[in-house]
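What follows is a short report on a single structure.
The values are calculated or read from the model by the stated rules, or taken from the named source; none is laboratory data. A quick note: this is a predicted structure, and the numbers were derived from the prediction, not measured. Glycine gets a Cβ as well: all are built from the backbone with ideal geometry, and neighbour counts include every protein chain shown. Surface accessibility is based on the protein's heavy atoms, side chains included, excluding ligands, DNA and RNA. Shrake-Rupley method; radii C 1.70, N 1.55, O 1.52, S 1.80 Å.
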Amino acid sequence: KNEVEQSPQNLTAQEGEFITINCSYSVGISALHWLQQHPGGGIVSLFMLSSGKKKHGRLIATINIQEKHSSLHITASHPRDSAVYICAVRAGGTSYGKLTFGQGTILTVHP
Amino acid sequence: DGGITQSPKYLFRKEGQNVTLSCEQNLNHDAMYWYRQDPGQGLRLIYYSQIVNDFQKGDIAEGYSVSREKKESFPLTVTSAQKNPTAFYLCASSPLLYNEQFFGPGTRLTVL
């Protein structure tokens, strides 16, 4: 079993829909990242969080440390949100800082 | 503009040839990383460098080599010993080891 699991693997939505992508992890972490990868391949960081909730525009990220679970929400989705969304956890303990990545969620938003 | 550049974006090589992927950053970051991305899998760490003239193996270093002679440059050589070299390769950097990482645009390598 992977240390970081994302669901769903593929997600198709209509413009305007509310979208949720989930990330579950099995190791102790110091922080969790949500990343966005566009079709060209480049990756940008959306959020880094270690507790609670963060919001940036139409994007909201939450994390529940006790349940080892995080969600990324997109409100009022738009075709330009189409991308791969990647969850990555930053290790705690003796491997402090190392990133472990989920396999990504492919999001397609249709007009 | 500060950032990370990788070149070329697409690279084709014949089986059995070594190939070197370029990664340059002008962010004045000490740490640099190479990742490999395969379809349906998460990014996997190949090599990382905490500082100039120092580098360490990541999780999948076999068949790869790196050098870090300059702070801004961290080239990756895919050798003929790498059994499945066709993949998307991403370079990243961070101010210090395992701080928040910034990613380059990637190089897609296809070995024919």
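Bin by bin, in steps of 5 Å, what percent of the Cα pairs in the protein assembly as shown do you find, going until the bin that has the longest distance?
For the protein assembly as shown, the binned pair fractions read 1, 7, 14, 18, 18, 17, 12, 8, 3, 1, 0 percent.
Name the residue farthest towards the positive end of the dipole of chain B from the options B:Tyr64, B:Ser80, B:Leu43, assuming +1 on Cβ of Lys and Arg, -1 on Cβ of Asp and Glu, about the Cα centre.
B:Ser80
Given R₀ = 45 Å, what would the calculated FRET efficiency be for A:His110 paired with B:Ile51, taking r from the Cβ atoms and rounding to 0.05?
0.45
Can you give the charge dipole size of chain B about its Cα centre, rounded to the nearest 20 debye, using +1 on the beta carbon of Lys and Arg and -1 on the beta carbon of Asp and Glu?
Charge dipole of chain B: 380 debye, to the nearest 20.
For region B:10-112, report the accessible area per residue in Å² (1.4 Å probe, heavy atoms, rounded to an integer).
49 Å²
Could you compute how much accessible area chains B and A hide from each other, both sides summed, with a 1.4 Å probe? Nearest 100 Å² is fine.
Approximately 1300 Å² gets buried when B meets A.
Sorted by accessible area with a 1.4 angstrom probe, largest first, how do B:Asp59, B:Asp30 fall?
Reading off the accessible areas and sorting them downward yields B:Asp59, B:Asp30.
How much length would be gained if the chain were fully extended between B:Arg44 and B:Gln17, taking 0.36 nm per residue of separation minus their Cα-Cα distance, in nm to one decimal?
Once the chain is fully extended between B:Arg44 and B:Gln17, it gains 7.5 nm.
Can you pull the Kirkwood radius for chain A, inverse mean 1/r over Cα pairs, to one decimal in Å?
Result for chain A stands at 14.0 Å.
Treat every Asp and Glu Cβ in the protein assembly as shown as -1 and every Lys and Arg Cβ as +1, leave all other atoms uncharged, and give the resulting dipole magnitude about the Cα centre to the nearest 20 debye.
The calculation lands at about 80 debye.
Once chain B is represented by equal point scatterers at the alpha-carbon sites, with solvent omitted, what log10 I(q)/I(0) does the Debye formula produce at q = 0.13, 0.15, 0.20, 0.21 Å⁻¹?
Rounded to two decimals, the profile gives -0.42, -0.57, -1.02, -1.12.
Size of the dipole of chain A about the Cα centre, Lys and Arg at +1 and Asp and Glu at -1 on the beta carbon, nothing else charged, in debye to 20?
The dipole magnitude comes to about 320 debye.
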